[in-house]
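Comments concern the structure below.
The values are calculated or read from the model by the stated rules, or taken from the named source; none is laboratory data. None of these values were measured; they are calculated from a predicted model. Here the Cβ is made from the backbone with ideal geometry for all residues, glycine too, and neighbour counts use every protein chain on show.
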Amino acid sequence: MPDVLAFPGIRYDCDAVGADLGVLAAPPYDVVDDDLQASLESAHERNSVRLILPRDETNDGDRYERAAATFRRWLADGTLVRDPAPRYYGYRMRFTDAHGVARHTHGVIGALRLPNPGDTNGVLPHERTLPKAKSDRLSLLSAMRVNVDPIWGLSLTPGLTDLLEPAVPLCRAIDTDGAGAGDEHELFGIDDPTQIEAIHRAIAATPLVLADGHHRFETACNYRQELRDAGLPVGGADSIMTFVVELSEDELCIDPIHRLVAVPDGLDVRAALADAFDIAAVGPNTPEVVEQIEARMRAAGALGLVDRHGIALATPRREITDRALESEPEPVRATDSALVETVVVPRLPDSTWAYRHDATAVAALVEKAMASAAFLCNPVSVAQTRAAALAGVRMPQKTTFFSPKPRTGMVFRSLD
């Protein structure tokens with residue numbers, strides 16, 4: 001069963017830096033584009049983006065070694081301070097969801113022990129993963145020997161959230177950038193041995209489902225194996241910093257991930273899908289129509305289609321699509337990602353696919369001719385996520401976008 005341990009974290013000393021944590025923390029590396037990276041770098045010279053996405057610079061050494069040197073320098077000059085003893089870290093995010101409802105996500109950060117080959121250790125993948133080069137994160141981990149941001153796990157143990165109170169407030173940051181601007185992030189210290197043991201037992205009682213960070217998890221396993229193969233001590237590399245949240249409606253906000261596609265010249269998307277979908281025009285490609293189509297998609301159980309003709313509703317012809325989905329495990333047949341993978345993708349051969357979670361941004365990319373078309377998907381429910389987890393099956397790749405994301409820089413974990 002999953003083994004999540006307390007650890008002595010490393011945190012910013014905002015008084016020493018003379019800056020609010022809001023300008024020192026950053027989103028996770030995989031949601032930071034070039035413009036946002038530049039904005040974060042200009043916000044403060046010690047923003048944590050300099051650790052997670054170090055710049056290439058000519059005649060100035062390796063960028064991963066530069067990140068490691070920066071981390072060591074910040075420790076030496078007091079920018080970062082190591083907590084004196086192992087503890088759990090309560091983490092709470094307060095935000096407003098896409099429907100204007102005030103929400104929260106409350107979990108705990110600890111060090112998840114990595115499974116050995118051939119043993120899951122009670123850690124279950126949530127989605128199938130796309131092939132992706134892991135050398136970048138592996139190079140950063142090898143150079144820094146630091147978990148710079150947590151992966152995200154979902155616990156099936158009911159009542160885990162109740163065990164996280166009381167806790168000692170440590171720091172607070174307001175998200176100032178991107179779609180999450182205004183979201184509040186709070187970190188708490190959990191030091192009581194009895195409380196720590198109760199949380200440890202609760203997490204260990206049921207499997208832990210990886211919600212976000214599959215590739216970083218695999219990278220951590222690969223790094224540990226490299227150390228073993230070289231006959232080097234594994235030490236702290238036997239675990240990875242993980243944010244654990246109870247799999248509960250009250251604690252999770254799951255957004256869809258939409259599909260962008262570039263098709264070969266001469267391929268008409270609507271014609272290619274005509275046998276499997278009824279396609280009805282809704283309106284021009286504008287933010288207002290995007291908002292309208294999302295509501296109609298939910299009501300009709302349909303995909304949204306954005307292409308050069310505008311925005312349309314693509315309603316599955318169930319006699320066709322249900323037959324195609326028969327090979328999918330029962331808990332995932334109703335997901336739009338499965339519908340796209342099994343029905344749409346085969347009808348658009350030799351196409352290139354990309355993934356984004358912001359429907360308005362996706363539609364804008366089509367309008368700018370940076371993609372041939374986009375397929376807007378409905379969100380997966382917490383109930384569907386739980387059903388898939390209990391059945392031990394993986395959802396298709398890029399099915400769920402858990403939001404908001406924990407900020408990088410709230411707490412770091414050294415492997416040494």
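Filtering region 136-156 to residues that are of a type in the set (Ser, Thr, Tyr) and either under 14 Å from residue 218 (Cβ atoms) or surrounded by fewer than 22 Cβ atoms within 10 Å (Cβ to Cβ) (or both) leaves 139, 142.
Restricting 239, 248 to those that are polar (S, T, N, Q), modelled with pLDDT under 95 and under 31 Å from the mean Cα position of the chain (by Cα) reduces the list to 248.
Within region 295-312, residues that are farther than 13 Å from residue 360 by Cα have Cβ atoms under 7 Å from residues that are aromatic (Phe, Trp, Tyr) and surrounded by 23 or more Cβ atoms within 10 Å (Cβ to Cβ) in these pairs: 303/375, counting only partners at least 6 apart in sequence or on another chain.
For the residues 15, 20, 33, the requirement of being out of contact with any helix residue (DSSP H, G or I) (no Cβ under 6 Å at 6 or more places or on another chain), surrounded by 15 or more Cβ atoms within 10 Å (Cβ to Cβ) and not β-branched (Val, Ile, Thr) singles out 20.
In region 193-214, the qualifying residues are those that are more than 18 Å from residue 158 (Cβ to Cβ) and of a type in the set (A, V, I, L, M, F, W, C), and the one that is nearest to the chain's Cα centre (by Cα) is 210.
Conditions (1) of a type outside the set (Lys, Arg); (2) touching a Cys at 6+ places or on another chain (Cβ under 9 Å); (3) outside the structural domain of residue 184 (by TED's automatic domain parsing), marked per residue:
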{"site": "12", "(1), (2), (3)": "yes, yes, no"}
{"site": "16", "(1), (2), (3)": "yes, no, no"}
{"site": "20", "(1), (2), (3)": "yes, yes, no"}
{"site": "43", "(1), (2), (3)": "yes, no, no"}
{"site": "56", "(1), (2), (3)": "yes, no, no"}
{"site": "72", "(1), (2), (3)": "no, no, no"}
{"site": "84", "(1), (2), (3)": "yes, no, no"}
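Number of residues in region 319-345 that are out of contact with any helix residue (DSSP H, G or I) (no Cβ under 6 Å at 6 or more places or on another chain) and free of Cβ contacts under 8 Å to residues at least 12 places away in the same chain equals 5.
Only a single criterion out of (1) farther than 19 Å from residue 401 by Cβ; (2) touching a Gly at 6+ places or on another chain (Cβ under 6 Å) is not satisfied by residue 352, namely (2). Within region 140-153, being under 20 Å from the mean Cα position of the chain (by Cα) and among the polar types (S, T, N, Q) holds for one residue alone: 147. Residue 56 meets the conditions (1) under 29 Å from residue 224 (Cβ atoms); (2) in contact (Cβ under 8 Å) with a residue 60 or more places away in the chain; (3) in contact with a helix residue (DSSP H, G or I) (Cβ under 6 Å, 6 or more places away or on another chain) in every case but one. The failed one is (2). Scanning region 239-253 for residues that are of a type outside the set (Val, Ile, Thr) and crowded, with 18+ Cβ neighbours inside 10 Å yields 239, 241, 243, 246, 247, 248, 251, 252, 253.
Just wondering, is there one or more residues in region 59-70 that are over 27 Å from residue 356 (Cα atoms), of a type in the set (Lys, Arg) and at pLDDT below 95? There is at least one residue in region 59-70 that is over 27 Å from residue 356 (Cα atoms), of a type in the set (Lys, Arg) and at pLDDT below 95. When the criteria are applied in full, residue 328 fails the requirement of being out of contact with any His (no Cβ under 9 Å at 6 or more places or on another chain), modelled with pLDDT of 95 or more, acidic (Asp, Glu) and within 19 Å of residue 276 (Cα to Cα). Might you check whether a residue that is at pLDDT below 95 and either part of a helix (DSSP H, G or I) or more than 25 Å from residue 387 (Cα to Cα) (or both) occurs anywhere in region 201-215? Within region 201-215, one or more residues are at pLDDT below 95 and either part of a helix (DSSP H, G or I) or more than 25 Å from residue 387 (Cα to Cα) (or both).
A single entry from 317, 386, 413 fulfils the requirement of being in contact with a strand residue (DSSP E or B) (Cβ under 9 Å, 6 or more places away or on another chain) and closer than 21 Å to residue 302 by Cβ: 317. For region 63-119, the set of residues classified as farther than 17 Å from residue 146 by Cα and of a type in the set (Asp, Glu) consists of 77, 97, 119, listed by residue number.
Let's see how each residue does on (1) of a type in the set (Gly, Ala, Ser); (2) under 20 Å from the mean Cα position of the chain (by Cα):
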position	(1), (2)
19	yes, no
48	yes, yes
63	no, no
66	no, no
